[in-house]
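First up is the structure itself, then whatever we jot down about it.
Readers should treat all values here as calculations from the given coordinates under stated rules, not as data from a laboratory. On a predicted model such as this, the values are computed, not experimentally measured, just so you know. Cβ: placed from backbone, ideal geometry, glycine included. Neighbour counts: every protein chain shown.
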Amino acid sequence: MDIIVCVKQVPDPETPPASFRIDPGTNKVIPAQGIAPVISTFDELAVEAALRIKDKHGGKVTAMTLGPESARDVLKHAMAMGADEGIHLLDAAFGDGDGWATAYALAQAIKKVGRYDLVLCGRQAADWDAGQVGLGIAEFLNLPSVTPIKKVEVSDGKLGVERLVADGFEVLEVSPPALLTVSNELGEPRYPTLRGIMMAARKQVTTWNAQDIGVEASQVGARGARTKLLRLFIPIRESKCEIVEGEDVVDAATKLALRLRESKII
Amino acid sequence: MTEYRGVLICSEALQGSLAAISWELLGIGRKLANDLGEELYAFLPGRGVQPLAQELVAGGADKVFVADDPRIEYYQTDSYTALMDGLCRQLSPQIVLMGQTSLGRDLAPRLAFRQGTGVAMDCVELSIDLQDRSLLQTRPVYGGNALAVLKTETKPQVATIRPKSMTEAQRDTSRRGEVISIPVNVPPGGVNFVKKVTEEVEGVKLEDAEIISSSPGGGAWGGTRPVCDSGWLPAQLQIGLTGKMVSPNLYLVVAASGSSQHMAGCSGARNIVAINKDPEANVFKYARFGVVADYRQLLPPLTEKCKELLSG
Ligand SMILES: Cc1cc2nc3c(=O)[nH]c(=O)nc-3n(C[C@H](O)[C@H](O)[C@H](O)COP(=O)(O)OP(=O)(O)OC[C@H]3O[C@@H](n4cnc5c(N)ncnc54)[C@H](O)[C@@H]3O)c2cc1C
């Protein structure tokens, strides 16, 4: 089974909120000092899902990213985990796109790859939290899709998939080629091994620009976007927490209980 | 050129009633339609849902489009997208709204892209820009660290709303509206439904609970992602951006750092009480009361004192 996994580089989502800053002039996040960007959490799990299939059934896993120069790191990360190849969509024209523009570019690149049975994405990126690019790719490529999933297994050329819903999960059978988005219920992603890291360092990644994937600059990035960002800001949260203290823990507990009662919370 | 008018919501039913999200969709949908001076349409898909059409009218819909068919009992991407796409072609609504639910997360992007338009997911505020009559969409981004205001420049403007973020519509049975049945065609697709596995957790439903604790005790129980990922709690009890949205009277947050992604799930909680051994923990920024302590030492006397107060 040949699998393409779309991965995105994001500011570390575990950055302490106190270090999170926005430049109101550009409506952009100011990278936090000393905190390196990472592969988006759910995308790493999508890589894991692909590798589990490869471990059992063989085939090729290709990681694909759209992003600036630095985004090559997330391809290398996927390759160090075990992906065979990396494709980097790199062009100034791709910058500042919305879900539409990004999905369009990725779909065109996937078409160019041509051979694939499965496309995997994370359920949502840890920066914009939108969860629309995967489904957009499916729509552009006219693929069946399931989102978000916690399990995928291959048997008799079909995909057995478990889709998360509010009160449990649905068991579905999907005919490839298809697109799935992966959630954390899949389980832990593997760590890159030292050998994996060394192999990934030696491997080249393929770089494609807008022309390579046959798109006009006006169809992608900020110019291709359907949805425009008007304002990005940090909401003001008035912190008015009453810290309950006591002579010891038991006293603090007693005081807290009394305050909760006085405030009619219990 | 097509003239886009009106607001279309995709309602959801749950065990023979309209789901809570449907009342929120009616609430915000009616408001936006009023601001535009246009109609509110509601789509009602499912099995045996016909009797709920009048509820949607009572909640403010001018026209209800019902697709009642056993083949669409469960949400399925291909059939639901085809139905909504058909309705959008027929009605040309300016705005299409759904819940940020299992259904909306999947359907909204698929529908929007099929319609050649953009989509704003998980909005917590929607309003009409009086200058050009288009929809302004506010949604949390970066795990809730920031808010983004977006405008989709193509039509229809598609958005999903975060559960518990909008005011529910009032039920008024004197309202009049039209109910229209629409035919269901299930297109052959690449996804076959095999079965549904329900993993309901015993006790009060998290979304309805008045008291929630992230540690065993009274009330319902919910937790952070690491707690669920490690199997201490079932996945259904994860609270947060990618888990459940809750709005209890009291949320007792025990030994959770207060990451923005977790707190996104309880912004509707009326009282947050935090217990954390780290005085700098982010959770105290959200809490009304806090204690800096090791929960293992604090919880036993706290439970005892609360019991004493409640029985006395
Ligand atoms: C896109 C995305 C979506 C996400 N969605 C969700 C989501 O829906 N829900 C969610 O919860 N998370 C979500 N996360 C993860 C989130 O970023 C955090 O990693 C997670 O919420 C942290 O959980 P925690 O507070 O339990 O763990 P930690 O960050 O490890 O914090 C543990 C806390 O417990 C305190 N503590 C430890 N021992 C004691 C003790 N004995 N007594 C008192 N205090 C103690 C520590 O001081 C610390 O503050 C998401 C992340 C991403 C990137």
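What order do you get for B:155-162, A:74-81 when each peptide is scored by the mean count of other beta carbon atoms within 10 Å, highest first? List each step's numbers first, then the result.
On the way: B:155-162: 27.9, A:74-81: 24.5.
Answer by packing, highest mean first, reads B:155-162, A:74-81.
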So which GluC sites (Glu not before Pro) in region B:213-312 end up in coil per DSSP with only 12 or fewer other C-beta atoms within 10 Å?
-> B:Glu280
Label-point separation (nm) for B:Glu73 and A:Val171, each offset 7 Å from Cα along Cα-to-Cβ?
-> 1.6 nm
To the nearest 10 degrees, how steep is helix A:99-113 against the longest Cα principal axis of chain A, on a 0 to 90 scale?
-> 30 degrees
Using the Cα centre as the reference, give the magnitude of the dipole from point charges on the C-beta atoms of the protein assembly as shown (Lys, Arg: +1; Asp, Glu: -1; all else neutral), rounded to the nearest 20 debye.
-> 480 debye
Looking at region A:98-180, which trypsin sites (Lys or Arg not before Pro) are in a loop (DSSP not H, G, I, E or B) and have at most 12 other Cβ atoms within 10 Å?
-> A:Arg115
Whole-angstrom gap from region B:268-312 to region A:59-103, using each part's C-alpha centre = 44 Å
Let a ≥ b ≥ c be the square roots of the eigenvalues of the Cα gyration tensor of region B:250-312; is it rounded (a/c under 1.5), or, if not, prolate (a/b larger than b/c) or oblate?
-> oblate
Out of the DSSP beta bridges found with both residues in the protein assembly as shown, what percent are antiparallel (nearest 5)?
-> 40 percent
How far is the Cα center of region A:145-193 from the Cα center of region B:164-186, in Å?
-> 34 Å
Charge-dipole axis of the protein assembly as shown as Lys and Arg at +1 and Asp and Glu at -1 on Cβ define it, positive-most pick from A:Ala92, A:Ala138, B:Val283 | A:Ala92
Report the full-extension gain for the segment B:Glu280 to B:Gln170: residue separation times 0.36 nm, less the Cα-Cα distance, to one decimal in nm.
-> 35.4 nm
In a Gaussian network model of chain B with springs linking alpha carbons closer than 10 Å, the residue among B:Ala53, B:Ala220, B:Ala146 that fluctuates most is B:Ala146
Going by a ≥ b ≥ c, the root eigenvalues of the Cα gyration tensor, does chain A fall in the rounded group (a/c under 1.5), the prolate group (a/b larger than b/c) or the oblate group?
-> prolate
Averaged across the residues of B:299-306, what count of C-beta atoms belonging to other chains lies within 10 Å of each residue's C-beta?
-> 6
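Peptide B:252-259: average number of partner chain Cβ atoms within 10 Å per residue?
Taking the mean over all residues of the peptide, I get 1.
For chain B, calculate the relative contact order in percent as a whole number, restricting contacts to Cα pairs under 8 Å that are 6 or more residues apart.
Relative contact order for chain B comes out at 14 percent.
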When averaged across all projection directions, what area in nm² does the alpha-carbon convex hull of region B:24-163 cover?
-> 8.2 nm²
Would you please give the FRET efficiency between B:Glu3 and A:Lys228, computed as 1/(1 + (r/R0)^6) with r the Cβ-Cβ distance and R0 = 25 Å, to the nearest 0.05?
-> 0.70
Classify region A:76-139: rounded, prolate or oblate, from the alpha-carbon gyration tensor (a ≥ b ≥ c, eigenvalue square roots; a/c under 1.5 rounded; otherwise prolate if a/b is larger than b/c)?
-> rounded
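Note the direction-averaged projected area, equal to a quarter of the hull surface, for the Cα convex hull of region A:108-217, in nm².
On the way: hull surface 37.2 nm².
Answer in nm², one decimal: 9.3.
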Between helix B:102-114 and chain B: long-axis angle, C-alpha atoms, 0 to 90°, nearest 10 | 40 degrees
In deg cm²/dmol, rounded to 500, what helix-only [θ] at 222 nm does chain A give when every DSSP H run of at least 4 residues adds -39500 (n - 2.57) and the total is split over its residues?
-> -9000 deg cm²/dmol
Hey, rough spin-label estimate for A:Arg261 and A:Thr207, points 7 angstrom out along Cα→Cβ, what's it come to in nanometres?
-> 6.9 nm
Shielding of B:108-120 by other chains, given as the mean Cβ count within 10 Å, works out to 6
Hey, how many Å between the Cα centroid of region A:239-266 and the Cα centroid of region B:1-21?
-> 44 Å
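For the protein assembly as shown, how big is the tail of P(r) above 42 Å, as a whole percent of Cα pairs?
22 percent
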The helix A:72-81 Cα axis meets the longest alpha-carbon principal axis of chain A at an angle in degrees, between 0 and 90 and rounded to 10, of 90 degrees
Integer Hz, Karplus 6.51/-1.76/1.60 couplings in order for region A:16-29, x for Gly and Pro = x, x, 5, 9, 8, 10, 10, 8, x, x, 9, 6, 10, 6
